[in-house]
Every structure is written in C-alpha cells, then in structure tokens.
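The values are calculated or read from the model by the stated rules, or taken from the named source; none is laboratory data. Remember, it's a predicted structure, so these values are computed and weren't measured experimentally. Glycine gets a Cβ as well: all are built from the backbone with ideal geometry, and neighbour counts include every protein chain shown. Heavy atoms of the whole protein, side chains included, go into the accessibility calculation; ligands, DNA and RNA do not. Shrake-Rupley method; radii C 1.70, N 1.55, O 1.52, S 1.80 Å.
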Amino acid sequence: MKPPTGLVLASVIAATQVAVAETSCPSPETMKPLAGEQTFTQTRTLSGLDRPLVSTGTVTISDDEVIWLVTDPVDIATRITESGIYQSVAGGDETPLHAGGGGNPFLTETGLLSIMRGDLEGAEDHYDRASSDMSESGWDLVFIPKSEALSSHLKTITLNGCTALELITIHQSNGDVVSVAFGDE
Amino acid sequence: MKTQASEQKRAFIIFAALILICSSFLAIRFSTPNPIFDTDIQSILPHADDQRLDQQISEALSSTFADRVAFLIDGDDPEQVKAARDDLNQRLTSSQIFLDDQADADVTGQWVFQNRREILCEASADEFTDEAAAQVWNSAVGQVFGVGTPVSGDILRADPFLLTFRLSDCLSGELGNTSQQAGLLTGRLTTPAGSFETQAAVSDILSEWQARWLNDDVTMARLGSVFHAEHGATSAKQEISIFGSISLIGVIFIFLYAFRRVRSLVLVTLLIGSSILTGLSVTLLVFSQIHLLVLVFAAMLVGIVADYAVHAMAARFSNDWPDPRTSRAFIRRPLTVSMVTTVAGFAGLWFLGVGMFAQLAVFAVSGILTAWLLVQWVLIPFDAPPSNTPKASESWRDRANTAARILNWRPALVVCAVLLVGMTIFGLFRYSVLDDVRQFQPRDAQLMAEEARVSEAMNAGQAGRYLVSVGDTLEEARQAEESAIEEIGRDKLIGFSFTRFDPSAEKRAAARQAIETRLETPYLSRAQATFGLPTLSAEAPTTPQRPGWLDQLHVELPSGKHALIAQLAIFETSPPDLGPNAQLIDITQTYSDAFAKYRHLTSLSLGIATLIAMIVVFLIYRRPRSLLIVLCPFAAVLGGIFIPCLFGIPVSFFSIAGGMVLFGIGVDYAAFFWEARSTGENWTLPSVLIGAATTEVSMGLLSLSKTFPVQSFGITIAIGVICAFCYTIVLLGISRFGENSRAKTNM
C-alpha cells in the first residue's frame, strides 16, 4: 500500500502558500495559512507507463477544508476535511475515500492536517528538513519523513517557490515522481 | 527407653529418607526447562481424546477466540492517542505475549492484491452489475488523476481498475470505520489467556503503561477473556489470603488450646508438609505436569492429615504417653479403615477420565498413604512425653471431660440429627443445580463497560455464539460456511468469516467471470489508453500466503476434518437449520456443559466410592452394623450438599467435590468412633472434636467466599462436618450402645 500522494501535495500546498511576502523571496518560515483558489497542473510520472499522467484544475483552501478540483482530463472533485476525504467523479455522487483507497490514516497519523493548517512546526514533527536553499530565484526546501513507516513510501518532498509556492515535487520510494505546479503556465 | 530411642532413630531415618528422596526428585524436576505447573484453566475441560466432533470443535473454539484481546485508547489529542497506542503495542509485543493483528498487514495487503479478481465487495457475483462496473472505472480514473490516492506505476500496471483499493475499502468498511479506531489495538495472546502467568504478565504491562499514560486526557478500555480471568484470580487471591490467615490463626489456637504444646503443632505441621511433598513428588512422577487447581483441591489433604495426627496425639495424651508400639495399637485399626476407605474414594477420581482429577487422585492417595505411615512410625516416636506428664494428662482430661459433658447430652444430639436429616430430605425435594459458568462469579461491572466501549469502536457488538462449518476437505468446509452464512445473514457476523477472504472455488469462479465480462471487457482498452498502460501480460500464477489471522479461523481437527469458525453477534430469532456440516456453538454453554458433566461424574464417583467403602468395611468387620461407618458420612455428604439448597444455594460440581472431601473426613470420624465402642478408648470424642473444629476453621471458612465455586465447596464442608459429627455420635457414639461405660466414666 502506497501513501496518498495527492493528499501530501494538498497538505504541503496549504502550508507553503503562506510564503508570500512583501519582499522578493522571503523566508518560508513566515508561512501563514492562505485562503483562496489556485490553479494547478499535476504530473504523475509513474514507472512503466508510456507517458506522464497530467491533470489540471484548481485547489481551494479554507479553514475547514481543501477542495481539489480536477477539470481535465475528467471532472473530479475531491474534498479533504478533518473527518475524511470525499470524491465525486464526472458529476457522480460524492463518496468517501476509505483507508484502502488512501487518505484518512495519513490525515490523522502523519501530521499532515497540521500542515494544512499552515503549521510548519507541526509538519516538522513528522518530517525533517534536509535542506533549505535560498537564491535570487527563490527557495528550495527538502523534507524527508521521520518515521520508517512513512519513509518506506515517501523519499523526499521538495518545495520550490519565491513569493508563493510554485512547485511541489514528491519522490516516492519506488521511483515514481509526482509534481504539482501552481499558477498559470 | 532403649525402645523409645531405637524407635526415634528409625523414625528419623524414615523421615529423612522420605524428605531426601522427594526433595531430590523435585529439585531435578524443577530444574528442567519444562513448566511443572499447568495454570491454564482450559486444561480442566474435557479433552478431545476421542473422536467426538463436538469436543474437538469446542477445543478449537477455545484456542481460537479465548486468547484474543483488544484495547481502545481514547483521548482528545489524536497524536497522543497514537503515541499511547504504539507504546502499549510495543510493550506487549516486546514481551512476546502479544501478536498485533496489524503485524500481518503486509501479508493481508498482498492477499487482497493477489485475490482482487476473485473476491468481490458484493455479496454475490450477480450483484456486480454493469452499473457497479462503471462505478469501478470512474473511481479508478478519480484516484489516478485526483488527489488522495496512493497510486503507483507498479499498482496501476498490475491493477488498472484499482480493484485492490476497492476491495480494501469495502472490507475495511465491513469492520466499521470510526474515528476511535485510530486508538484501537487488536491482536491475540501468544500464551493461553487462562494461564496465570499470562494474566500476570498482561496485568504488569498494563500497570506500567497506565502509570505512564493514563491521565485526564487518555483513557483505555479492554476487551478479552484474559481480563475477566485475571480479575477473578485477583479476587480469589485476596480471599485466599484473608481466609488463609484466619484459618492459620484458628488452627494454631485450637491446637495450642487442646494440646498446650508447641511440639504438637510442629509435628502436625511436619506431617502435613511431608504428605504434601510426597503427594507432589508421586504426582510428578506419574504426570509430566500438575494443574495448579490440583494443589488448591489438595488443601483438603491438610484436613485429613491433621485429623490423623490429632487421633494419634489424643490417644497418647489420654493414655499417659504409652510407648510407641502401644500407641500405634490404639489407632492402627481405625486409622487403617479410615485410610483405606478415603483412598478408595479418592482413587475413584482416576476413573472420571479427566486429567486434572486423575492427578488429584494420585496426589491425594499418595499423600494419605504417607500420612498414615508417618503418623504411626514418625509422629508417635517423636511425640515425646512432656516433662510433667501427670499434670499434662490431668489438664488434657479436664478439657476432654468438658467437651464430653456438653456433647454427650444425647437428647439434644438426637433432635439435632433428626433436624438435619429432615432438612436434608426437604432439600432433596427442593434442590436446583447450577452449572452455568456465567453465574459462578459476577462479572466486573467496569470490565463489562470497557468491553462495550471497545465493541462499539470495533463495530462488533457482543459475541453470542460461533458458527462452525465442517468438511472433509477445506473446500467442503468453505462451501458449508458460505451456505450457512447465507442462511444466517452476513449482518450477524462479527469480524470476518474465513470465506470472505478465501471463498470457495465456485464463488471465486463466479467473481472472476463477473469481473471479466462486466469490467475488463468493456473498460480495459479505455484504461490502457487513458492511463498510457503498456499491453498487459498474463500474470504469473502465484500462491499467496494466507494472513495469520485468517489461518486462525481454520482448524484441522484431530479427526482430520476441517473446521471454519466465524464469530456471530447475539440474535434473538431462533437459528435456522444449517444442515449437517454447520452448527452454532455457544462457547459459554460449552463450559457450562463441561461442569454439568463433571457434576454427574463426581456424583457417580462419590456413589462408587461409597459402595467400595461399604465392601471394605464389611470385609474388615463382618457385621452389617459396621456399614454405619460408611452410611453416617454418606448421610452427612447428602446433608452438606442438599441442606444449603433450602437457603437458595444450588447443587454444583463444587458442592459434590466438597462432598467427596467430606466423605473422607466423615469415614475417619465414624471409623474411630466404631473402634472406640469396641475397645473402650476415651480419646475419640475430643480427638474428633478437634478434627472437626480445625476443618470448620479451615475449609468451612470458605463458605464466606464471594466466589460461588469456593463458597459452594465451603458450605458443603461446613454443614457436612456438623452432620457427620452429629450422626456419628448419635449412631456410633460411646453412649449409643452402652458398651463403653469405662470410657464414658473416664471422660
């Protein structure tokens, strides 16, 4: 069973969207929760597949929930709340995504809910920051899971941004890579 | 003096040799790594030493479910709850007495993955409709392109419809899915829950964990038979400690009052210790293990052995400490009659066909024989006269005469005996029996409340009974279980049935067919195009390993048959007809049935012992009236068992067991009184009185216990000893036949 990569993405987005600052490329330490809507492009490069799986849409973050809306190639609405993750495909009924489909344990057991609240300290209960590079063009933060359970699935999570989070790249332990770019390209 | 000295030398050699041999043997046995004491309560149940299926199934049920435990850690802070749960798991697992269900998580995941095309979420293949197939496809697309699903390239290529996730979801859903489950820890004990060692180990670990975690923010609830067993054992230990202390003080007081000599107390203690030591050694020579409950029941030996010592000492006190040979002559015949009849009674236990009772028979018989030997050839030689013999004798006679004056008031004794007989007869018409183990000891309210909380979190409900499906092959057992569950209804299941995860070949084929025709045929090419999947190659056939928890639901019976066990909730409706290969079993009822069987067997054994004792007594005395030696205690046994029924205390296995002990004690009283009639001894009455008093303050005190088995045993002894004493004096007493005027005068 692999970790809910998308959920990791959503969580980290929520945490790092706060890195918007008055000056160019401020320290990510000043992150605060950010409400609002962002466009995204998710690219899953999965081993053994002919091509990357690309989806686009918008993500909306509020105090109570994160709504991850894929509009291409199909309409998929995923709602992430404290009580669980719910999904509707192609306008169908919303159904919960249970543990088997991924999600809930990773909300309650990995501190990702804290991250979604913009609590970077909460994230660091579960992840070690391997590196923090600052440059003129922005910052790169690399996180590695602390627990063996999580590290057996996730290798690293890399966040890139400047005034805002621009790219999340997740390297899974099996070699799969998932990246999410925010903003219009 | 020379004779006394040589007697003492011989006594020392006998005693030293016995102690040396037994101690050496026990030292060797205890130094071996194999455990000497069997502490598993299940060992007292009937064993499947024959081919009866129900017994084999009962054993399988006990071993499958009795060792399961669950803990629910609850609190406001999920991270604290998780840390507390993980800590408890770590403590239990590292002690090697617990196996977490989730230890098999990877194997379970592999099993689901390998079987994803042959197990459906739906109850039957017919329910996997075209609409359901369309939902599967949509869900796969949502998970691949959406967020929150751990899709990897490896999984997607092997399982493009993510059936593994779907199956995991619905199976998890069948187990319930509450927020509390984050703090749920379930698994099984690796050592028997009925074992005292297991109970103590779990209790110690929980105490340490509670000291670390339990506060206002974290709570814990427990579920499992081990906790009830531990609670019962703790209560019993407290009672034994209290009663033991009172008994000890009482017995010391009685001995010091009666004999006024510390030497008497020391000799009796040595006699009891030697008899128990020999009994233990001989039992361990015959059996590889001895059940701890045998030692509990062997406490009865204390009463019988103490009586032997009291007879010997009373005889010597009353006759100014004659030489050992004369002393032995006073007691030899009644002591031997008592010993033979008691041994015959205990030997009858061997034939009950229950391991624990066979051990008790060997223990008691060897202990009684030892006591019989040591009283005559060790205790008597070592019972040296006091320095002021005349004064000591005079003092003893004063006390004995006081007792005789009170007890020889015949009208009162006759009235008392008639009353006791009347109450026994009345009890015989009003008696009830109790074999239901649920009523043996009231369940602890706190544990019950905790169980309810855990059951709720597990979405389990209270387990009522078990479905056992049997077949000559595993496949036949699968078919039997599937059709039985169809009859009963899946909603009655607690947890999974074996066939939910490992269905019959017929069900597997139907599921495979439904998935191929309704899902793979219409959607596979779309999946390949949408996900960019390479052309799928046929999977190499593999034999997945069955998870440990699933294997536990399958038992190979000694008969070679296969049984599948599923736990069911309590349901009110009468069970449907499940056919010849499936049956519903109530495990508590199984235990109750076992105790009912024991009650019958013990009653039978008591009857046989009585008949044997009557034959033995008749062969010795050749007089019909001598049968009173057996009939008096037998009537006392009936009184001990049935008089309590008038006060609402039912007959049980434990009261009958008490009756067996009582029989041995009663025969002892009767045999000595019978001999006193013919020989004119004047020490029998005080001797029996001291014996009865020590029995009352030791075993009779158990009647105050709050635990039914102990109380039942104690009440039988307490009332029965009074009956035995009363009947014996009235029918065999010194004044009964006017044959013993010298003794009467002396008293």
Review point. Which residue, of B:Ala693, B:Ala635, B:Ala613, is of a type outside the set (S, T, N, Q) and open to solvent by less than 10 Å² (accessible area, probe 1.4 Å)?
Key: B:Ala613
Practice item. Tell me, please, whether a residue that is open to solvent by less than 50 Å² (accessible area, probe 1.4 Å), at the interface with chain B (Cβ under 9 Å from one of its Cβ atoms), touching a strand residue (DSSP E or B) at 6+ places or on another chain (Cβ under 8 Å) and modelled with pLDDT of 85 or more can be found in the range A:88-105. Key: yes
Point to revise | Number of positions in the range A:169-185 that are touching a Gly at 6+ places or on another chain (Cβ under 9 Å) and surrounded by 17 or more Cβ atoms within 10 Å (Cβ to Cβ) | key: 4
Revision key, fill the gap. Pairing a residue in the range B:120-149 that is among the aromatic types (Phe, Trp, Tyr) with any residue that is in a helix (DSSP H, G or I) and open to solvent by 10 Å² or more (accessible area, probe 1.4 Å), where Cβ atoms lie under 8 Å and the two sit 6 or more apart in sequence or on different chains, gives B:Phe128/B:Arg518; B:Trp137/B:Tyr523; B:Trp137/B:Arg526
Point to revise | Verdict on B:Arg91 being out of contact with any Cys (no Cβ under 9 Å at 6 or more places or on another chain), part of a helix (DSSP H, G or I), of a type in the set (Lys, Arg) and away from chain A (no Cβ under 14 Å) | key: yes
Review point. Among B:Phe113, B:Phe145, which is in contact with a Pro (Cβ under 9 Å, 6 or more places away or on another chain), open to solvent by 20 Å² or more (accessible area, probe 1.4 Å) and within 12 Å of chain A (Cβ to nearest Cβ)?
Key: B:Phe113
Practice item. Keeping to the range B:1-36, report how many residues are charged (D, E, K, R), open to solvent by less than 90 Å² (accessible area, probe 1.4 Å) and within 18 Å of B:Leu270 (Cβ to Cβ). Key: 1
Check your understanding: So, in the range B:127-141, of the ones that are open to solvent by 40 Å² or more (accessible area, probe 1.4 Å), more than 49 Å from the chain's Cα centre (by Cα) and not polar (S, T, N, Q), which residue ends up nearest to the other protein chains (Cβ to nearest Cβ)?
Key -> B:Glu131
Practice item. Might you check whether a residue that is more than 25 Å from B:Lys9 (Cβ to Cβ), in contact with an Asp or Glu (Cβ under 9 Å, 6 or more places away or on another chain), among the charged types (D, E, K, R) and open to solvent by 10 Å² or more (accessible area, probe 1.4 Å) occurs anywhere in the range B:330-345? Key: yes
Practice item. Please find, within the range B:186-225, the residue that is modelled with the highest pLDDT out of those that are assigned to a loop (DSSP other than H, G, I, E, B) and open to solvent by 60 Å² or more (accessible area, probe 1.4 Å). Key: B:Thr190
Check your understanding: If you go through the range B:606-625 one residue at a time, do you hit one that is over 26 Å from B:Ala66 (Cα atoms), part of a helix (DSSP H, G or I), at pLDDT 85 or above and charged (D, E, K, R)?
Key -> yes
Study note, to complete from the structure: Scanning the range B:417-449 for residues that are open to solvent by less than 50 Å² (accessible area, probe 1.4 Å) and in contact (Cβ under 8 Å) with a residue 60 or more places away in the chain gives B:Ala417, B:Leu420, B:Thr424, B:Gly427, B:Leu434, B:Asp435, B:Asp436, B:Val437, B:Phe440, B:Asp444, B:Leu447
Check your understanding: Considering only residues of the range B:153-162 that are in a helix (DSSP H, G or I) and open to solvent by less than 10 Å² (accessible area, probe 1.4 Å), which is farthest from the other protein chains (Cβ to nearest Cβ)?
Key -> B:Leu156
Practice item. Starting from residues that are of a type outside the set (Gly, Ala, Ser) and closer than 16 Å to B:Gly232 by Cα, keep the ones in the range B:705-719 and report whichever is most open to solvent (accessible area, probe 1.4 Å). Key: B:Lys706
Review point. Of the residues that sit in the range A:54-87 and are crowded, with 21+ Cβ neighbours inside 10 Å, among the hydrophobic types (A, V, I, L, M, F, W, C) and at the interface with chain B (Cβ under 10 Å from one of its Cβ atoms), which one is nearest to B:Gln135 (Cα to Cα)?
Key: A:Ile76
Check your understanding: Out of all the residues in the range B:404-415, which are in a helix (DSSP H, G or I) and either open to solvent by 50 Å² or more (accessible area, probe 1.4 Å) or touching a Gly at 6+ places or on another chain (Cβ under 7 Å) (or both)?
Key -> B:Arg405, B:Ile406, B:Arg410, B:Pro411, B:Val414, B:Val415
Check your understanding: Hey, does the range B:244-256 have a residue that's open to solvent by less than 50 Å² (accessible area, probe 1.4 Å), under 30 Å from B:Ala400 (Cα atoms) and of a type in the set (Ser, Thr, Tyr)?
Key -> yes
Review point. Is it the case that some residue within the range B:506-524 is open to solvent by less than 40 Å² (accessible area, probe 1.4 Å) and within 14 Å of another protein chain (Cβ to nearest Cβ)?
Key: yes
Check your understanding: Is it true that some residue in the range B:310-322 is at pLDDT 85 or above and in contact with a Leu (Cβ under 6 Å, 6 or more places away or on another chain)?
Key -> yes
